[in-house]
Amino acid sequence: MKLLWSIALATVLPFAGTTAPARAAAPAVGQPAPAFTYRLLDGHQLAPGALRGHPYLLWMVATWCPSCQTGSTVVGSHIAFLRAHGVRVVEMELAGDLGAPGPALASFQKQVGKNAAAANWYWGELTQAQTAVLDPHGDMDVYYLVDGHGKIVAVSGNPAVTWDAIARFAAAAH
Amino acid sequence: MRQVFRGFAATFGGPRRLRAYALVLALGSVLTAFYLVMLPASAVGGFSLVALQYLTPSLALAAAALGYGFALAVTLNAGALARRSRAAGAVGIGGLLAAALPGSLCCTSIIPSLLAAFGASVPTILGTTGKIASIFARFESAFIAASLIGVALSVVLAARSCAASCSLPTPPS
């Protein structure tokens, strides 16, 4: 019987997707994105006004998360494409890396290469309160696609897998 | 060690050797294909064919070793007709499971979903998810190594079990 349970678990686990069941309320598609002022890695602040009128990808990562690193590399390889379409990337480290502080965000960013310094790519850290609003489910590697009107048009995750959706968003935003 | 060789000889040198080879090939290929996607899955946050882009030679070797190793253990166990083969089965399944854990539990929504299912509050989820999920990210190689050891052990146990219960092929007169 134990073996049967083990087999069932082994079968189910890998196919458990990245979409969490509905629990605490996170900002949803159709709603305005929260107008937060973000604390950036370079010490500056990113005020809501700086994003107003621009479509952007608001992405939450943990620095120990391998898929976040992979996704950053994928986005890095397309950052010029996003810039050409007027799309900004706001990549934010979740507060406390969800309880397991990983490497510094600066070293995480370094692994992306020189593209990480693109003018349309903002790197920063979320406060605990921002994390609780933007990611109440505690998922990592999730993002919001926000249109030029500040409205959320998609919520997804793992840009390494879902890059095509981001590219379509960018193409439509142009 | 001699018992292990006897187990192999009984299974792969006996009258049902063609069936044994076919089982190893079929089951091994299916499991290897699965692990070729599963082992690099943590790089993309879940089971996706995109993970194949992040397959390294060492992960590919590990996938083949896990897939065909477990198929070998199953075939040897089948030869032993489950006599004294429970330990081998448990160790082998444990090995397969351990290899699937990093790709399943790191960077997916499973852990926060489980925490929520157990009634954890938002602050608890936000402060605990990383503590658990990061273990699978940081020790991914150790999980894979443990899996390989588990599967290898299951092959040895299954072969010994087979040697104890299978009839060896009779040499031609």
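Quick note: the coordinates plus some simple rules give every number you see, no bench work behind them. Because the structure is predicted, anything quoted here is derived from the model rather than measured. Quick reminder, even Gly has a Cβ in these numbers, built from the backbone with ideal geometry, and neighbours come from all protein chains shown.
Excluding A:Leu82 itself, calculate the net charge of residues whose Cβ lies under 13 Å from the Cβ of A:Leu82, where each Lys or Arg counts +1 and each Asp or Glu counts -1. Local charge sum for A:Leu82: +2.
State to the nearest 20 debye the size of the charge dipole of the protein assembly as shown about its Cα centre, where the only charges are +1 on K and R beta carbons and -1 on D and E beta carbons. Please list the in-between numbers first.
Details: 21 positive and 11 negative charges, 298 e Å.
My answer is approximately 1440 debye.
Per 0.36 nm of contour for each residue apart, how much would the distance between B:Leu18 and B:Gln3 grow if the chain were fully extended, relative to their Cα-Cα spacing? Provide the component values of the computation, followed by the final result.
Values: separation 15, 0.36 × 15 = 5.40 nm, distance 2.16 nm.
Net length gain for the segment: 3.2 nm.
Ordering A:His137, A:Thr63, A:Ile166 by Cα displacement along the dipole of chain A toward the positive end leaves A:Ile166 in first place; charges were set at the Cβ atoms of Lys, Arg (+1) and Asp, Glu (-1). Taken about its Cα centre, the stretch B:2-165 carries a charge dipole of roughly 780 debye when the Cβ of each Lys and Arg holds +1 and the Cβ of each Asp and Glu holds -1. Shielding value for B:145-153 is 0, the average number of Cβ atoms from other chains within 10 Å of each residue's Cβ. Cβ crowding within 10 Å, taken as a proxy for footprinting-reagent exposure, orders A:Glu91, A:Glu125 from fewest neighbours to most as A:Glu125, A:Glu91.
Of B:Ala62, B:Gly150, A:Val74, which is farthest towards the positive pole of the protein assembly as shown's charge dipole, taken about the Cα centre with +1 and -1 on the beta-carbons of Lys, Arg and Asp, Glu respectively? Result: B:Gly150, furthest along the dipole toward the positive end.
DSSP beta bridges confined to the protein assembly as shown are antiparallel in about 60 percent of cases. Listed by chain and number, the aspartates and glutamates placed with their C-alpha closer than 19 angstrom to that of A:Lys151 are A:Glu91, A:Asp135; residues fewer than eight positions away on the same chain are left out.
Pairs of Cα atoms under 8 Å, at least six residues apart: use those to get the relative contact order of chain B, whole percent.
Details: 263 pairs, mean separation 63.6, N = 173.
So the answer I get is 37 percent.
May I ask you to order B:21-28, B:128-135 by the average number of other C-beta atoms within 10 Å around their residues, highest value first?
The peptides rank, most packed first, as B:128-135, B:21-28.
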